[in-house]
Amino acid sequence: MNAHTSEQLRVARELHDGIAQDLVGLGYQLDLILSDSQLSELSRNQVRASRLHIDSLIIKVRNEILELRKDSAEPFHLQLQKCAQEICSGIEISFDVQAVAVDSSAQGELLAVAAEILRNIVVHSGATLILIKLYWVNNHTCLEISDNGNGGAVMKENRWGLQGITERIRALNGSWIIEDRGGTHISISV
């Protein structure tokens, strides 16, 4: 179990015992609502759509738990490419990645950071192209992710994605910069 940290296992347990169970419970509650014979057809369709959405969320959470618990000997650059292709299907991705040595305890954190950035690109940017660079310079692993989307990625109150990225990078004694270059460009050094 050297490819994942005790922190990853803790997060996997928290996801399973918290969010995953809550979503399952919510799904059961919607099933009870659907069983009401007096529910209008419009309401029934809306509840059914919500139930399908919850099922989709349950699958996503379970996949995240699996990823956190997966013991992988695959090199980091290949894990990064695989992660990007899974999250960004339908968006063109250009890779310029080197086989860099990333400490096994840092791999999970850096991969989680990349995944959060890529999910944000898919959901918020309107990008059609993503560029991912991974290289080693001055004893640091450098990861750059750029897109040709609408830019404007900034930290906002009560939004936790970018805050979580900051916390993960700090925990790795790293730094990061977000720039608007006719799209968003993120540089990470750990």
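Laboratory data are not the source of any read-out in this text; all were calculated from the coordinates shown. Since we're looking at a predicted model, the values are computed, not measured. Cβ atoms come from the backbone with ideal geometry, glycine included; neighbour counts cover every protein chain shown.
Only one residue of Gly90, Thr141, Gln107 has its Cα farthest out toward the positive end of the dipole of region 21-152, where Lys and Arg carry +1 and Asp and Glu -1 on Cβ, and that residue is Gly90.
Shown is the FRET efficiency for Glu179 and Asn139, computed with R0 = 22 Å from the Cβ-Cβ distance and rounded to the nearest 0.05: 0.40.
Listing Trp136, Trp176 from fewest to most neighbouring C-beta atoms within 10 Å gives Trp136, Trp176. Beta bridges from DSSP with both residues in region 76-189: antiparallel share about 75 percent, rounded to the nearest 5.
Counting only DSSP beta bridges with both residues in the chain, the antiparallel share comes to about 75 percent. Basic side chains Lys and Arg get +1 at the Cβ, acidic Asp and Glu get -1 at the Cβ, and with that the dipole of the chain about its Cα centre reaches some 100 debye. Neighbour counts of other Cβ atoms within 10 Å put Ser189, Ser40 in the fewest-to-most order Ser40, Ser189. Other residues within the sphere of radius under 13 Å centred on the Cβ of Ser43, judged by their own Cβ, net out at +1 (K and R +1, D and E -1).
The slack in the chain from Thr128 to Leu78, taken as 0.36 nm per residue of separation less the alpha-carbon distance, amounts to 15.8 nm. For the chain, the membrane-span-like helix rule (DSSP H, alpha carbon extent of at least 27 Å along the helix axis, mean Kyte-Doolittle at least -1.0) picks out 41-69; this says nothing about an actual membrane. Can you list the residues, at least 5 places off or on another chain, whose amide H is less than 5 Å from the amide H of Val97, using H built in the peptide plane? Residues meeting the amide H criterion: Leu134. Summarising the amide proton neighbourhood of Ile130: residues at separation of 5 or more, or on other chains, whose placed amide H is nearer than 5 Å comprise Glu92, Ile93, Ser94. Summing Cβ point charges (Lys, Arg +1; Asp, Glu -1) relative to the Cα centre of region 6-69 gives a dipole of roughly 120 debye. When the helices of the chain are scored as -39500 (n - 2.57) per DSSP H run of n ≥ 4 and the total is divided over every residue, the value at 222 nm lands at -16000 deg cm²/dmol. Summing Lys, Arg as +1 and Asp, Glu as -1, what charge do residues with Cβ under 15 Å from the Cβ of Leu52 carry, Leu52 excluded? Surrounding charge for Leu52 is +2. The Rg/Rh ratio of the chain, with Rg taken over Cα atoms and Rh as the Kirkwood radius over Cα pairs, comes to 1.04. FRET efficiency for the Asn150 to Asp36 pair, using the beta carbon distance and R₀ = 45 Å, is estimated at 0.55.
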